[in-house]
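Structure record follows, encoded as structure tokens.
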Amino acid sequence: SVGAEAAAVFSLDDHKVILEKNVFKRLYPASTTKVMTALVAIRYGNLQDVVTVGQETVITEQGASLCHIRPGETLTMEQLLYGLMMPSGNDAGAAIAVHMAGSIEGFADLMNQEARAVGATDTHFVNPHGLHDEDHYTTAYDLYLIFQEAMKEPVFRQIVGTGTYTAEYKDANGELKSQTWNNSNQFLTGQQPMPDGLFVLGGKTGTTSAAGSCLIMGSQDM
């Protein structure tokens with residue numbers, strides 16, 4: 001019994017479909033959007049860039065997940081990626097987008113170009129964080145393709161496999177500030193038990209896998 005509206009389990013050994021449910025159905029991706037944001041930032045951005053964040057980081061939508069950066073603060077792109085992926089910071093996604101493309105819309109164009117390049121042809125992004133928009137959608141199969149590409153990047157694996165990260169940066173007054181972010185992956189942190197025979201993907205030494213390796217994706221936050 002699968003409670004999700006759409007789901008898929010693929011074998012990475014022989015590429016067989018182990019389980020599928022509505023695998024090509026277009027749905028709203030919520031914060032799984034951030035996998036593509038990170039992929040674009042890692043592949044085409046400079047992780048050592050120093051970014052002064054602007055008003056794009058002021059997100060007032062109720063329930064939005066944030067890493068709590070403020071306009072005028074300066075962080076590196078690498079720090080923003082940790083803020084994006086660990087606490088699922090929508091504000092970090094917005095800062096990355098404006099730094100790389102000049103606007104949210106411009107960065108969404110880059111995301112869509114990359115989606116097409118990896119074969120995710122039933123996907124369309126309008127923002128870097130996944131806040132709801134009727135024209136922002138993907139499928140379970142496309143998420144699989146996007147995540148597979150992201151896992152090819154050592155920096156991505158490093159970030160999503162990190163349990164706790166402390167970012168030290170400057171606030172709008174030039175004063176040193178620090179924040180500690182905890183990984184929101186409840187399987188990695190031990191808040192949820194992994195199903196028998198599966199392991200968390202990611203980590204400092206690369207991917208870990210079981211026989212008949214599987215990918216599990218999901219999102220509970222916005």
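Worth pointing out:
- Sequence ranges 61-69, 92-100, 10-18, ranked by mean other-Cβ count within 10 angstrom, highest first: 92-100, 61-69, 10-18
- Local net charge near residue 120, Cβ-Cβ under 11 Å (Lys/Arg +1, Asp/Glu -1): -3
- Couplings 3J(HN,Hα) of the stretch 162-174, computed from phi: 8, x, 9, 9, 10, 9, 10, 8, 9, 7, 5, 9, x Hz, in residue order, whole Hz [Karplus 6.51 cos²θ - 1.76 cosθ + 1.60, θ = phi - 60°; x for Gly and Pro].
- Sulfur and carbon atoms: percent of accessible area, the chain [1.4 Å]: 48
- Pairs of lysine residues in the chain that meet both criteria, 8 or more places apart or on different chains and Cα atoms under 23 Å apart, total 7.
- Å² of accessible area per residue within the chain, as computed with a 1.4 Å probe and no ligands counted: 49
- Counting Lys and Arg as +1 and Asp and Glu as -1 over every other residue whose Cβ lies under 10 Å from the Cβ of residue 141, the net charge comes to -2.
- Other-chain or far-sequence residues with amide H under 5 Å of residue 51's (modelled H): 75, 76, 77
- Residue by residue, the stretch 12-22 carries 3J(HN,Hα) couplings of 8, 7, 10, 6, 7, 8, 7, 8, 8, 9, 6 Hz when phi is fed to the Karplus relation 6.51 cos²θ - 1.76 cosθ + 1.60 (θ = phi - 60°); x denotes Gly or Pro.
- About its Cα centre, the dipole of the chain is roughly 460 debye, where the only charges are +1 on Lys and Arg Cβ and -1 on Asp and Glu Cβ.
- Compared with the alpha-carbon gap, the fully stretched path from residue 134 to residue 66 is longer by 22.3 nm at 0.36 nm per residue.
The values are calculated or read from the model by the stated rules, or taken from the named source; none is laboratory data. The structure presented is a predicted model; accordingly, all values stated were derived computationally and were not measured. No Cβ is skipped: glycine too gets one built from the backbone with ideal geometry, and neighbour counts run over all protein chains shown. Note: accessible area is taken over every heavy atom of the protein model, side chains too, but ligands, DNA and RNA are not part of it. Shrake-Rupley method; radii C 1.70, N 1.55, O 1.52, S 1.80 Å.
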